[in-house]
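We did not get these values from a lab; they are worked out from the coordinates using the rules stated. Just so it is clear, the model here is predicted, and its values are computed rather than measured. Cβ placement follows ideal geometry from the backbone for every residue including glycine, while neighbour counts extend to all protein chains displayed.
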Amino acid sequence: MWFELTCVPVSRILNIAPQRWDVSTILETHEKHDSSFARICRAMWKRYPGVSRSAILKNLATFEELGLIRAFSFRGETRYETNLRSHVNMVDRSGKIVDIEDEDVHEILEELIEKVRENGT
């Protein structure tokens, strides 16, 4: 599992119930940024038709609180990612989200933000 590689002793602080394990498996197997809340729910309902949205959300919130995933909004939809390294999420021409981890990009974005603040735009 992706969270076994972290420094957090997950097995000691996280009860790995079957549903929680399946949520983590869904996060691991979906494409990097394809883990929208709606998509995670659909995948869970295939295996557990009676599981509630709030139960799924609670599992995701637990993973986020432990620092195992990060939530972000894209086009009005919450998505979850397991890439916790410093990066910027950008959208390519096809509409796909890509991670930019180059330090130069961070500097360019900081400069752009500063210009926008200076111009009040």
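When a/c reaches 1.5 or more, the comparison of a/b and b/c decides; with that in mind, is region 42-99 rounded, prolate or oblate per its Cα gyration tensor?
Numbers: a/c = 2.73, a/b = 1.53, b/c = 1.78.
Note, shape of region 42-99 comes out oblate.
What FRET efficiency do you get for Glu101 and Leu66 if R0 is 30 Å and r is their Cβ-Cβ distance, rounded to the nearest 0.05?
Values: r = 22 Å, r/R0 = 0.75.
Efficiency at R0 = 30 Å is approximately 0.85.
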For region 72-88, in residue order, the Karplus 3J(HN,Hα) values (coefficients 6.51, -1.76, 1.60; θ = phi - 60°; whole Hz; Gly and Pro = x) are 8, 9, 9, 6, x, 10, 7, 10, 10, 10, 9, 7, 9, 5, 4, 7, 10
In nm, the gap between the two label points placed 7 Å beyond Cα toward Cβ at Trp45 and Asn89 is 2.2 nm
Distance in nm between Glu118 and Ala38 label points, each 7 Å along Cα→Cβ, equals 4.1 nm
